[in-house]
Amino acid sequence: MIFDPILDIFRGKAVTIPPLDGAFRADTRIEDAPVFASLVDVDNLVVHDGRILATSDNAIYALEEGAEPTVVESFSAPVSALAVSAQGALAVALESGELTFDGRAVALPQGVSCITALAFGPHGTLWLANGSDRHAPSGWVADLMEKNSGGSIWRSEPGEDGFRKVAGGLAFPYGLLPDAGGVIVSEAWRHRLVRFDVSGTPSRISEHLPGYPARLTPIPGGGALLSMFAPRNRLIELVLQEGHYRYDMMAQIPREYWIAPALSSGVSFLEPLQCGGIKTMGVHKPWAPSRSYGLVVRLDEDMLAVESFHSRASGKRHGICSAIFHDGRILAASKGGDCVVALDPAEK
């Protein structure tokens with residue numbers, strides 16, 4: 001209602017999050033899936049010349065099932081985004097704000113230094129997501145806690161030099177899925193998918209997602225895979241509403257112990273969210289609220305969720321930032337669990 005923001009001052013505001021129900025119903029399919037390959041801090045997944053490539057820190061690795069990853073190329077800074085064109089060209093973005101295209105440096109507009117996603121469109125257009133105008137990609141948790149919305153979307157047409165800005169004011173765009181008339185963007189801090197046409201006109205697709213959406217990748221025959229790198233929970237949502245507490249926390253407590261989403265949890269006794277309803281008799285409840293989670297969602301042609309794969313609060317394969325469909329299976333990169341798992345969509 002129109003008076004709700006005014007009434008909230010007197011009556012308080014309820015902290016609610018969408019339930020994991022329907023197409024998001026929790027299971028243990030990511031936790032139970034076989035390991036395709038082990039790689040510390042594994043992130044972007046792509047298929048290039050028939051090989052599965054993944055990024056970790058400042059290198060690109062080739063993955064083979066059951067084998068040790070092999071280094072394909074190393075860089076001067078961690079790799080933040082990766083994309084392959086229809087012609088096999090490889091675009092690589094670095095934490096330092098650099099972008100290369102088949103090994104050649106690409107000039108970027110001023111202020112574009114937090115490249116979180118790259119994707120090639122049907123006609124060779126290169127789309128770029130700049131997650132923040134204040135932080136590098138690795139500083140995502142600070143960007144969330146500051147409640148920033150300085151992200152933007154850019155595109156570069158084949159044969160053109162430089163990028164054109166399509167949209168700004170976005171709350172950490174983290175995934176791109178181009179189509180013939182524009183691009184679908186996962187906006188992490190607003191928990192939604194939104195589509196922009198080439199002129200920058202937005203149209204909402206899906207809102208109130210139960211987690212923080214990351215990268216989008218197409219599925220052959222239509223639809224897409226959406227990775228969610230962390231869950232929403234009521235305590236974090238409450239902290240985001242309490243400005244004084246939040247800024248004191250950021251000033252006085254080490255970042256890894258903030259009450260904030262995480263790619264993994266349960267490593268240190270200093271972490272929040274460990275006792276009470278979280279553990280009973282030393283057992284971590286799978287339905288407990290958690291700072292980290294593993295979640296991959298299959299979307300249909302209308303970008304509606306139809307199926308999901310989970311590693312629950314009691315699991316370890318959390319922080320899914322990238323997933324691809326390959327040879328009838330879904331390969332999901334668990335950055336928090338240091339592995340790529342192979343999911344069979346036919347198995348329930």
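The values are calculated or read from the model by the stated rules, or taken from the named source; none is laboratory data. Predicted model only: the values in this text are computed from it and were never measured. Note: ideal-geometry Cβ built from the backbone for every residue, glycine included; neighbour counts use all protein chains shown. We work out accessible area using only protein heavy atoms, side chains counted, and drop any ligands, DNA or RNA first. Shrake-Rupley method; radii C 1.70, N 1.55, O 1.52, S 1.80 Å.
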Selection from the range 177-208 of residues that are open to solvent by 10 Å² or more (accessible area, probe 1.4 Å), under 16 Å from the mean Cα position of the chain (by Cα) and of a type outside the set (D, E, K, R): Leu177, Ile184, Trp189, His191, Ser206, His208
Residue count, the range 294-308 (criterion: at negative phi and open to solvent by less than 20 Å² (accessible area, probe 1.4 Å)): 7
Out of Ser322, Ser311, sole residue that is of a type in the set (Ser, Thr, Tyr), touching a residue at least 12 places away in the same chain (Cβ under 8 Å), in contact with a helix residue (DSSP H, G or I) (Cβ under 8 Å, 6 or more places away or on another chain) and crowded, with 24+ Cβ neighbours inside 10 Å: Ser311
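So which residues in the range 264-278 are open to solvent by less than 40 Å² (accessible area, probe 1.4 Å) and at pLDDT 80 or above, if there are any at all?
If we filter the range 264-278 for residues that are open to solvent by less than 40 Å² (accessible area, probe 1.4 Å), which is where we start, we get 265, 268, 271-272, 278.
Residues satisfying the conditions are Ser265, Ser268, Glu271, Pro272.
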Some residue of the range 93-105 being in contact (Cβ under 8 Å) with a residue 24 or more places away in the chain, under 17 Å from Pro213 (Cβ atoms) and of a type outside the set (A, V, I, L, M): no
Test result for Pro173, touching a Pro at 6+ places or on another chain (Cβ under 9 Å), surrounded by 23 or more Cβ atoms within 10 Å (Cβ to Cβ) and either touching a residue at least 24 places away in the same chain (Cβ under 8 Å) or of a type in the set (A, V, I, L, M, F, W, C) (or both): no
Positions within the range 30-54 being open to solvent by 40 Å² or more (accessible area, probe 1.4 Å) and either farther than 25 Å from Pro289 by Cα or touching a residue at least 12 places away in the same chain (Cβ under 8 Å) (or both), in sequence order: Glu31, Pro34, Val35, Ser38, Val40, Asp41, Val47, Asp49, Gly50, Arg51
Search result, residues across the range 110-160 that are buried (at least 18 other Cβ atoms within 10 Å of the Cβ), touching a Leu at 6+ places or on another chain (Cβ under 9 Å) and of a type in the set (D, E, K, R): Arg155
